[in-house]
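**Student:** This is the structure, below, for whatever I ask next.
The values are calculated or read from the model by the stated rules, or taken from the named source; none is laboratory data. Predicted model, so just to flag it, every value in this text is computed and none were measured. Backbone-built Cβ (ideal geometry, glycine too); neighbour counts: all protein chains shown. Keep in mind that these areas ignore ligands, DNA and RNA; they rest on the heavy atoms of the full protein, side chains included. Shrake-Rupley method; radii C 1.70, N 1.55, O 1.52, S 1.80 Å.
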Amino acid sequence: MKLYDRYGRQVTYLRVSITDRCNLRCFYCLPRGCGISTKPLRLDLSEIATIVRVGVGLGIGKIRITGGEPLVHPGVVDFVRDVSRIAGIADLALSTNGTLLAEHAEDLKAAGLGRVNVSLDSLRPAVFRAVSGRNDLNRVVAGIDAAAAAGLAPLKLNVVVMRGVNDDELPAMLDFAAAHGAQIRFIEYMPLGLAQRWASSYVSRAEILERIHPQLAAELPRHQPGDTATYYALRSGGEVGLISPVSCRFCDRCNRLRLTSDGKLRPCLTSEGEVDLRDALKPGASLEAIADSFRAATAGRPARGTYTDAANEEPANATRAMSSIGG
Ligand code: SAM
């Protein structure tokens, strides 16, 4: 039985946060001074692999490993190996801040990982540090090159565009991506979780397009039906993706659920409702109980997500950092 929600949308994609820990402190995601959860309820990786297996049995074919920072988890390579052996996964990807990718890229590829998305918000060391709290730009660039060399393809770079922070770097970032064999996607800053200074930092898709207009050739057809990005061909060759969760919502083609690092299935990024897997994972519980949790989370998907209190400087939907939801 496949997973269809009340609005006829099929769930085919699971984002899996394997840890809420992160070695960066990007101010829009996990601000400095904010404690990282030390919840005893964090799932272990074998439990997460079991949940993934059940989800794949219900028709999920795309898995993204995320966090927190998934590469700070000491078991990440073994986890990739376990999950890559599950028959039925067509796309196994990982999102990372890239700081530990140079050490792990070859092992991840050998373990069966298909591809990586690397978050990179600035090419200027001082800005990178101001955003993330760490002086790690060189390590991220080394990670990007290691991923390309290891054949983790297509290699994608994700940039959250923020006014007065990195919005003057977009043309340079297009050149950087081309020089490093990567596709680049510009993402609107979302008023979610612990995002700070949202109202003054938000840059809309229309404005992003204006900034890179001289480099654009033509809009391209969507790559896949559930794709959150729209793509433009670049005059120099290659393409750029735009992800516009705020100005141009994509709820009508949403195909995903999220598994949080503390064992909850989250029906929608922006809504608070979650389905707790704790009972379904108790010794003696059947896999059918996990399948029922997938069905309950699917049934709980709203027609449209809501950014509560989006007009305010501090988002109200702040019960969870993006680091624990997985972005
Ligand atoms: N550590 C990994 C990484 O850096 O990609 C995975 C987790 S991170 C939470 C996943 C993605 O969420 C990153 O690309 C990050 O930039 C994005 N993100 C976090 N908070 C965001 C926000 N308020 N608006 C837009 N994107 C956000």
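**Student:** Can you go through Phe250, Phe186 and tell me which one is closer than 30 Å to Leu3 by Cβ, of a type outside the set (Val, Ile, Thr) and within 16 Å of the ligand (Cβ to nearest atom)?
**Tutor:** Numbers: Phe186 fails: closer than 30 Å to Leu3 by Cβ.
Selected residue: Phe250, the only one of Phe250, Phe186 that is closer than 30 Å to Leu3 by Cβ, of a type outside the set (Val, Ile, Thr) and within 16 Å of the ligand (Cβ to nearest atom).
**Student:** Going by the conditions given, is Ala172 outside any loop (DSSP other than H, G, I, E, B), out of contact with any Asp or Glu (no Cβ under 9 Å at 6 or more places or on another chain) and within 27 Å of Gly112 (Cα to Cα)? Working first, answer last.
**Tutor:** On the way: outside any loop (DSSP other than H, G, I, E, B): yes; out of contact with any Asp or Glu (no Cβ under 9 Å at 6 or more places or on another chain): yes; within 27 Å of Gly112 (Cα to Cα): no.
So Ala172 does not fit the description; no.
**Student:** Something else: Based on what the data block shows, is Ile243 touching a Phe, Trp or Tyr at 6+ places or on another chain (Cβ under 8 Å) and closer than 25 Å to Tyr7 by Cβ? Outline the logic, then answer.
**Tutor:** Numbers: touching a Phe, Trp or Tyr at 6+ places or on another chain (Cβ under 8 Å): yes; closer than 25 Å to Tyr7 by Cβ: yes.
When the stated conditions are applied, Ile243 passes them.
**Student:** Next question. For Arg134, all conditions in the list (1) modelled with pLDDT of 95 or more; (2) under 25 Å from Leu30 (Cβ atoms); (3) open to solvent by less than 20 Å² (accessible area, probe 1.4 Å) hold save one; what is the number of the exception?
**Tutor:** It is condition (3) that Arg134 fails.
**Student:** Does Leu58 meet the test of being surrounded by 24 or more Cβ atoms within 10 Å (Cβ to Cβ) and either in contact (Cβ under 8 Å) with a residue 40 or more places away in the chain or out of contact with any Phe, Trp or Tyr (no Cβ under 9 Å at 6 or more places or on another chain) (or both)? First the steps, then the outcome.
**Tutor:** Working: surrounded by 24 or more Cβ atoms within 10 Å (Cβ to Cβ): no; either in contact (Cβ under 8 Å) with a residue 40 or more places away in the chain or out of contact with any Phe, Trp or Tyr (no Cβ under 9 Å at 6 or more places or on another chain) (or both): yes.
Considered against the rule, which asks whether it is surrounded by 24 or more Cβ atoms within 10 Å (Cβ to Cβ) and either in contact (Cβ under 8 Å) with a residue 40 or more places away in the chain or out of contact with any Phe, Trp or Tyr (no Cβ under 9 Å at 6 or more places or on another chain) (or both), Leu58 comes out as no.
**Student:** Would you check which residues across segment 172-230 are among the acidic types (Asp, Glu) and either farther than 30 Å from Ala149 by Cβ or open to solvent by less than 50 Å² (accessible area, probe 1.4 Å) (or both) and list them?
**Tutor:** Step one: filter segment 172-230 for residues among the acidic types (Asp, Glu), giving 175, 188, 207, 210, 219, 227.
Listed by number, the residues that qualify are Glu188, Glu207, Glu210, Glu219, Asp227.
**Student:** Now for a different question. Which condition breaks for Glu103 when tested against (1) within 16 Å of the ligand (Cβ to nearest atom); (2) assigned to a loop (DSSP other than H, G, I, E, B); (3) open to solvent by 10 Å² or more (accessible area, probe 1.4 Å)?
**Tutor:** (2)
**Student:** Another one. Would you be able to say whether some residue in segment 144-165 is in a helix (DSSP H, G or I), touching a Gly at 6+ places or on another chain (Cβ under 6 Å), on the phi < 0 side of the Ramachandran plot and not aliphatic (A, V, I, L, M)?
**Tutor:** Within segment 144-165 (the criterion being in a helix (DSSP H, G or I), touching a Gly at 6+ places or on another chain (Cβ under 6 Å), on the phi < 0 side of the Ramachandran plot and not aliphatic (A, V, I, L, M)), the answer is no, since none of the residues qualifies.
**Student:** Return the residues of segment 137-162 that are within 15 Å of the ligand (Cβ to nearest atom) and open to solvent by 10 Å² or more (accessible area, probe 1.4 Å); say none if nothing qualifies.
**Tutor:** Quick first cut of segment 137-162, residues within 15 Å of the ligand (Cβ to nearest atom) only: 137, 139-141, 143-144, 147, 152, 155-162.
Listed by number, the residues that qualify are Leu137, Arg139, Val141, Lys156, Asn158, Val160.
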